[in-house]
1. Identify, by number, the condition in (1) more than 18 Å from the chain's Cα centre (by Cα); (2) closer than 14 Å to ALA196 by Cα that LEU25 doesn't meet.
2. Tell me the strands (runs of 3 or more DSSP E) entirely within the stretch 1-43 that contain at least 1 residues that are among the acidic types (Asp, Glu) and open to solvent by 30 Å² or more (accessible area, probe 1.4 Å).
3. Please go through the stretch 82-117 and give me each residue that is without any contact (Cβ under 8 Å) to a residue 40 or more places away in the chain, surrounded by fewer than 17 Cβ atoms within 10 Å (Cβ to Cβ) and either touching a Ser or Thr at 6+ places or on another chain (Cβ under 6 Å) or aliphatic (A, V, I, L, M) (or both), ordered by number.
4. Looking at the stretch 144-161, can you tell me whether even one residue there is part of a loop (DSSP other than H, G, I, E, B), within 25 Å of ALA4 (Cβ to Cβ), in contact (Cβ under 8 Å) with a residue 12 or more places away in the chain and open to solvent by 70 Å² or more (accessible area, probe 1.4 Å)?
5. Can you tell me which of (1) surrounded by 23 or more Cβ atoms within 10 Å (Cβ to Cβ); (2) without any contact (Cβ under 8 Å) to a residue 60 or more places away in the chain is the one PHE140 doesn't meet?
6. Can you name the number of the only condition in (1) over 30 Å from GLN6 (Cα atoms); (2) touching a residue at least 24 places away in the same chain (Cβ under 8 Å); (3) of a type outside the set (Lys, Arg) that SER182 fails?
7. Would the stretch 44-60 turn up any residue that is open to solvent by 50 Å² or more (accessible area, probe 1.4 Å), over 23 Å from ALA158 (Cα atoms), in contact with a helix residue (DSSP H, G or I) (Cβ under 7 Å, 6 or more places away or on another chain) and modelled with pLDDT of 90 or more?
8. Go through the stretch 44-71 residue by residue and tally those that are of a type in the set (Gly, Ala, Ser) and part of a loop (DSSP other than H, G, I, E, B).
Amino acid sequence: MTHAVQVRNLRKSYGKNEALRGVDLDVGQGEVFALLGANGAGKTTALECIEGLRRYDGGSVSVRGRTGIQLQSASLPAYIRGKEAIRLFAKWNRTSPDRAMLAALGAEALADKQYREMSTGQKRRLHLALALTGNPDILFLDEPTAGLDTEGRLSLHACIRALKGRGKTVLLSSHDMAEVESLCDGIAILLDGRIAFAGTAGELADRLGTCYSVRIKTNLGLEEFEVEDIEKELPTILRTCREKNAAIKDIQVDRGSLERHFVRITKGE
């Protein structure tokens with residue numbers, strides 16, 4: 001596999017606080033790859049070091065191709081209009097705006113709207129359009145759907161899938177496990193400044209074993225259980241319900257999600 005991003009032994013400290021303690025990372029060309037971690041794990045620091053926005057103390061970063069970087073929420077002047085921002089970024093990148101891409105992102109509808117008047121979702125779409133203005137090979141997104149409503153999230157997910165279809169590489173940070181499970185080819189979990197796991201969601205499940213969520217609705221209410229061996233443990237759960245004289249109305253059994261595995265690995269299991 002050709003790698004778009006390779007990171008070796010990346011280290012970064014803020015005073016005595018070691019934010020990154022020797023991070024190794026490989027992102028394949030054309031992949032959607034996610035950096036996961038709890039607050040303070042080092043996701044944003046790692047992403048900014050890879051992007052070149054922050055100096056790191058040691059290690060190496062190799063990025064092959066032109067890059068585009070998602071802007072943060074307060075990156076643009078309050079009174080700039082969408083079309084003015086697009087023209088500015090196009091001139092900086094010495095290119096012409098891609099009208100088809102702007103239409104797909106819904107950015108053209110923001111042409112005459114001032115930045116201060118835009119909703120969070122509209123700002124996110126504009127940021128993505130600006131990041132893509134230079135037709136980058138690799139796109140860096142830091143928590144791209146944070147603060148978006150369901151419609152906005154689904155719209156942005158569709159845009160990311162379309163970018164992958166065009167052969168773009170997307171490296172994003174996220175805390176949304178459902179998002180990662182739906183979008184990403186590969187994941188890396190940061191824990192205390194180190195990579196605790198790197199691979200696919202399926203490989204993570206194989207590593208930690210299958211976990212099932214059991215939801216049982218009875219006349220006494222709703223109870224939830226997490227079990228490892230559904231065949232052995234479900235009869236015990238049902239027997240416990242009968243001993244409580246609970247009339248079972250409904251049973252739902254779901255395979256463990258990436259979120260449960262993420263929680264388990266960040267707890268050191």
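The values are calculated or read from the model by the stated rules, or taken from the named source; none is laboratory data. Keep in mind that this is a model prediction, so the values were computed, not measured. Cβ: placed from backbone, ideal geometry, glycine included. Neighbour counts: every protein chain shown. Accessible surface is based on the protein model in full, side chains and every heavy atom, while ligands, DNA and RNA are left aside. Shrake-Rupley method; radii C 1.70, N 1.55, O 1.52, S 1.80 Å.
1. Among (1) more than 18 Å from the chain's Cα centre (by Cα); (2) closer than 14 Å to ALA196 by Cα, LEU25 violates only (1).
2. On the way: elements: 3-14, 17-28, 32-36.
Result: 17-28.
3. Selection gives LEU88, ALA100, ALA103, ALA109, ALA111.
4. Scanning the stretch 144-161, I find no residue that is part of a loop (DSSP other than H, G, I, E, B), within 25 Å of ALA4 (Cβ to Cβ), in contact (Cβ under 8 Å) with a residue 12 or more places away in the chain and open to solvent by 70 Å² or more (accessible area, probe 1.4 Å), so the answer is no.
5. Tallying (1) surrounded by 23 or more Cβ atoms within 10 Å (Cβ to Cβ); (2) without any contact (Cβ under 8 Å) to a residue 60 or more places away in the chain, PHE140 fails exactly one: (2).
6. The number of the failed condition is (1).
7. yes
8. If we filter the stretch 44-71 for residues that are of a type in the set (Gly, Ala, Ser), which is where we start, we get 46, 52, 58-60, 62, 65, 68.
Narrowing further to those that are part of a loop (DSSP other than H, G, I, E, B): 52, 65.
Residues flagged as of a type in the set (Gly, Ala, Ser) and part of a loop (DSSP other than H, G, I, E, B) within the stretch 44-71 amount to 2.
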